[in-house]
Amino acid sequence: MKERTIWEQIADSFRSRSIWMLHYCTGCGAMELPPTMTARFDMERFGITPMATPRQADIMLITGYLNTKTLRRVIYTYEQMADPKYVVGFGSCTINGGIYFDSYSTINRLDYYIPVDVYIAGCMPRPEAILEAFNYLMEKIRKGEADGWKRYKENYDWYKQNQIRSLGEVYVHDEFHE
Amino acid sequence: MVAAYKALFNLVLGFFLVLSLEGVGRKITARVQRRIGPPWYQNFIDVFKALSKHPFSNGWVFDFGVLMALGGAMATAMIVPMGSTTWTPFPNSDNFFVIMYLFAVGALGMAMGMVGSGNPWASIGVSRALTQMLGYELPYLIVISSTIFYYKTASIHKLVELQKNGWNLLVMPLGGIIAFISLMGMLGKKPFDISTAPAEIASGPMTELSGKYLGLLHIMHVFAMFVEVSLFVDVFLGGGNLGWYLVKFIVVWVLAVLISSVLPRFRIEQMLKFYWGVPLGLAFLNALFVLLGWTL
Ligand code: SF4
């Protein structure tokens, strides 16, 4: 890995303390986010707040299984986010397919399609596990090790090839106007 | 030369004061909701982090709009007096109307840039923000006009001096309360955060903003809030040295935050009905009292 300049180190320490997240809540793991956000576990004390649009967000939470239809949207959303961006995969579904491993419509490994920085094991992970993962992610960002966005740029062809192999085409059709 | 230094001081103080007060406000809201909340310097981290990202642009109208918004807000913040003639950078041009017009430059710049991003949510947000402006400006301007009529001057630092023997808030309590309600709308605090409602219209004007643009607009928002609260403090809460001014500023801010932390959000037409109902009527009543000379 390349040495970071002093500015990048400062920027990385800011980035690790202020994480704006975009949650892609199609899986069951989304259920554990409300308690993580609200009074019981309060993730705002780490500077983590939800944001409304992909343009503003720093991390994307993929909260569980993705089928081929939602994967297209995830790729779109991921490519709309501003660098540096990080991805957190929730639950065993994003790691190896989980209990849907033999389903005809879901994808098994998220890492083939977009780079994932932190996985959270469990089905579904409890808020403690989520906070643990966020702390780990903050640590990684501070050390400059969370470089998924760089990997995506460098290995774009490989990711594109995987996406096309599973999806046929990545383009999202406008069902109402075409 | 001295004026330039004072104006610069205005900007520096406004930036650090409002940004840390925003963090304190988040902390207060968190405590009200029985959470721990972020540290008070969280918003500094947020702004600097936003400035460190690699954003997308949406064309030159968008870029220019963001710069115009920031420039307009900074120019206004430079003019605003801080509680006494000593801390008035430009004593000849701190007229209320000058400030209001300059302030509109920032707001229009933001509207232009955000509509230039081409996102429908942004257009809806901007139209909501302008509608809301229509809502709160009417009672606010009527109250300010009665104040100007009462003191026979529109210059803010003269208004401050004339309040030596009693705050304007005590002269016309009704007007003060209405101006505070309008201030809540200006600040975009909770019952009136219609234009940026994240859950409804994806944070409205800010939808397409990424990275540096978001940071710049946050700074613009900081200066805008500095101007708004400063105007309220100057016009209604009298003068004093810089320390007193800061105390008053903080009290007004904390009050606004406390009110906003327990309230839900209005819909756009409810907001307009609210502002053009009781506050507008009371503002007219207040103007009538001033005209008849029935002030305290
Ligand atoms: S890992 Fe378990 S909880 Fe998470 S999406 Fe898959 S099945 Fe649902």
(message) I want to verify a result. In a Gaussian network model of chain A, Cα cutoff 10 Å, which of these has the top mean-square fluctuation: A:ASP111, A:ASP102, A:ASP42?
(response) A:ASP102
(request) Search the structure for amide H atoms under 5 Å from the amide H of A:MET60, placed 1.01 Å from N in the peptide plane, and list their residues when 5 or more places away or on another chain. (result) A:LEU22, A:TYR86, A:VAL87, A:VAL88
(message) Could you check the spin-label model distance between A:ASP174 and B:ASP63? Points 7 Å from the Cα along Cα→Cβ, value in nm.
(response) 2.7 nm
(message) If you fit an axis through the alpha-carbon atoms of helix B:42-51 and take the longest principal axis of the Cα set of chain B, what angle between them do you get, 0 to 90°, nearest 10?
(response) 50 degrees
(request) Please name which of B:ALA224, A:VAL88, B:LEU246 has its Cα lying farthest along the dipole of the protein assembly as shown towards the positive end, using unit charges on Cβ (Lys, Arg +1; Asp, Glu -1) and the Cα centre as origin. (result) B:LEU246
(request) Convert each backbone phi in region A:131-143 into a coupling constant with the Karplus relation 6.51 cos²θ - 1.76 cosθ + 1.60 (shift: θ = phi - 60°), then list the ³J(HN,Hα) values in order as whole Hz, x for Gly and Pro. (result) 5, 4, 5, 5, 4, 5, 5, 4, 4, 5, 5, 5, 7
(message) Which one, B:MET184, B:GLY14, B:VAL262, is farthest towards the positive end of the dipole of region B:2-292 when Lys and Arg carry +1 and Asp and Glu -1 on their Cβ?
(response) B:VAL262
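Report the net charge of residues surrounding B:ARG34, where surrounding means a beta-carbon distance below 13 angstrom and charges are Lys +1, Arg +1, Asp -1, Glu -1. Could you put the intermediate results ahead of the total?
Values: positive: A:ARG40, A:ARG45, B:LYS27, B:ARG31, B:ARG35; negative: A:ASP42, A:GLU44.
My count for the surroundings of B:ARG34 gives +3.
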(message) Only counting other Cβ atoms within 10 Å, I'd like A:THR77, B:THR207 sorted with the fewest neighbours first.
(response) A:THR77, B:THR207
(request) With a ≥ b ≥ c taken as the square roots of the eigenvalues of the C-alpha gyration tensor of chain B, please select rounded if a/c is under 1.5 and otherwise prolate if a/b is larger than b/c or oblate if it is not? (result) prolate
(request) Please turn the phi angles of region B:16-25 into ³J(HN,Hα) values with the Karplus equation 6.51 cos²θ - 1.76 cosθ + 1.60 (θ = phi - 60°), one per residue in order, whole Hz, x for glycine and proline. (result) 5, 4, 5, 5, 6, 5, 4, x, 4, x
(message) Pick from B:GLN132, B:GLN163, B:GLN33 the residue whose mean-square fluctuation is largest in a GNM of chain B, springs joining Cα atoms under 10 Å.
(response) B:GLN33
(request) Over the whole of A:43-54, what's the average partner chain Cβ count within 10 Å per residue? Rounded to a whole number, please. (result) 6
(message) For the pairs A:LYS140/B:LYS27; A:LYS153/B:LYS212; A:LYS143/B:LYS49; A:LYS85/B:LYS53, flag any whose C-alpha to C-alpha distance is greater than 19 Å.
(response) A:LYS140/B:LYS27; A:LYS153/B:LYS212
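If we count other beta carbons within 10 Å of each Cβ, what is the order of A:HIS23, B:HIS54, A:HIS177, B:HIS221, fewest first? If you can, show how the numbers build up before the last one.
Values: A:HIS23 19, B:HIS54 12, A:HIS177 5, B:HIS221 22.
Final ranking by Cβ density, sparse to dense: A:HIS177, B:HIS54, A:HIS23, B:HIS221.
Note down the magnitude of the dipole of region B:148-287 about its Cα centre, charges +1 on Lys and Arg C-beta and -1 on Asp and Glu C-beta and zero elsewhere, to the nearest 20 debye.
Working: 10 positive and 7 negative charges, 43 e Å.
Dipole size: approximately 200 debye.
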(request) List the lysines whose Cα lies under 26 Å from the Cα of B:LYS158, skipping any in the same chain that are fewer than 8 positions away. (result) B:LYS6, B:LYS248
(request) Among B:ASP63, B:ASP193, B:ASP94, determine the one that fluctuates most according to a GNM of chain B built with springs between C-alpha atoms less than 10 Å apart. (result) B:ASP63
(request) Mind running the shape call on the protein assembly as shown? Use the C-alpha gyration tensor, a ≥ b ≥ c as the square roots of the eigenvalues: rounded below 1.5 for a/c, prolate if a/b tops b/c, oblate otherwise. (result) prolate
(message) Sequence gap at least 6, Cα distance under 8 Å: using those rules, report the relative contact order of chain B to the nearest whole percent.
(response) 28 percent
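Specify whether the C-alpha gyration tensor of region A:6-166 places it in the rounded, prolate or oblate class, a ≥ b ≥ c being the square roots of the eigenvalues: rounded for a/c under 1.5, otherwise prolate if a/b is larger than b/c and oblate if not.
Details: a/c = 1.84, a/b = 1.17, b/c = 1.57.
Taking the square roots of the gyration eigenvalues as a ≥ b ≥ c, region A:6-166 is oblate.
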(message) For A:ASP83, what residues show an amide H to amide H distance below 5 Å, using hydrogens built from the backbone and excluding near sequence neighbours?
(response) B:HIS54
(request) Return one number: the angle in degrees, 0 to 90 and rounded to the nearest 10, between the long axis of the Cα atoms of helix B:96-116 and the longest principal axis of the Cα atoms of chain B. (result) 20 degrees
(message) Using only the alpha-carbon atoms, how far is helix B:278-292 inclined from the longest principal axis of chain B? Give it as 0 to 90 degrees, nearest 10.
(response) 30 degrees
(request) Find how many whole Å separate the alpha carbon centroid of region B:21-51 from the alpha carbon centroid of region B:61-116. (result) 26 Å
(request) Net charge near B:GLY215: determine it from the other residues with C-beta under 9 Å of the C-beta of B:GLY215, scoring Lys and Arg +1 and Asp and Glu -1. (result) +2
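What dipole magnitude, in Debye to the nearest 20, does the protein assembly as shown give about its Cα centre under +1 on Lys/Arg Cβ and -1 on Asp/Glu Cβ?
On the way: 40 positive and 35 negative charges, 175 e Å.
It comes to approximately 840 debye.
Among B:TRP244, A:TRP158, rank each residue by its count of other Cβ atoms within 10 Å, from fewest to most, as a rough exposure measure.
Going from least to most buried by this count: A:TRP158, B:TRP244.
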(request) Rounded to whole Hz and in sequence order, give me ³J(HN,Hα) for region A:26-38 from the Karplus expression 6.51 cos²θ - 1.76 cosθ + 1.60, θ = phi - 60°, writing x for Gly and Pro. (result) 9, x, 5, x, 4, 5, 8, 6, x, x, 5, 7, 8
(message) Can you list residues from other chains, or at least 5 along the same chain, whose modelled amide H is less than 5 Å from the amide H of A:TYR119?
(response) A:GLY89
(request) Within a 10 angstrom radius of each residue's Cβ in A:30-39, how many Cβ atoms of other chains show up on average? Whole number is fine. (result) 1
(message) As a test of the formula, what do you get for the protein assembly as shown when each DSSP H run with n ≥ 4 contributes -39,500 (n - 2.57) and the sum is divided by the residue count, at 222 nm and rounded to the nearest 500 deg cm²/dmol?
(response) -19500 deg cm²/dmol
(request) Just tell me how shielded A:80-92 is by partners: mean number of partner chain Cβ atoms within 10 Å of each residue's Cβ, no decimals. (result) 2
(message) Could you tell me which residue out of A:VAL116, A:ALA133, A:ALA11 lies farthest along the dipole of region A:6-166 toward its positive end? Charges go on the beta carbon: Lys and Arg +1, Asp and Glu -1, centred on the Cα centre.
(response) A:VAL116
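Rule-based calculations on the coordinates, nothing more; no lab input. Every value quoted in this text rests on a predicted model; they were computed, and no experiment measured them. Here the Cβ is made from the backbone with ideal geometry for all residues, glycine too, and neighbour counts use every protein chain on show.
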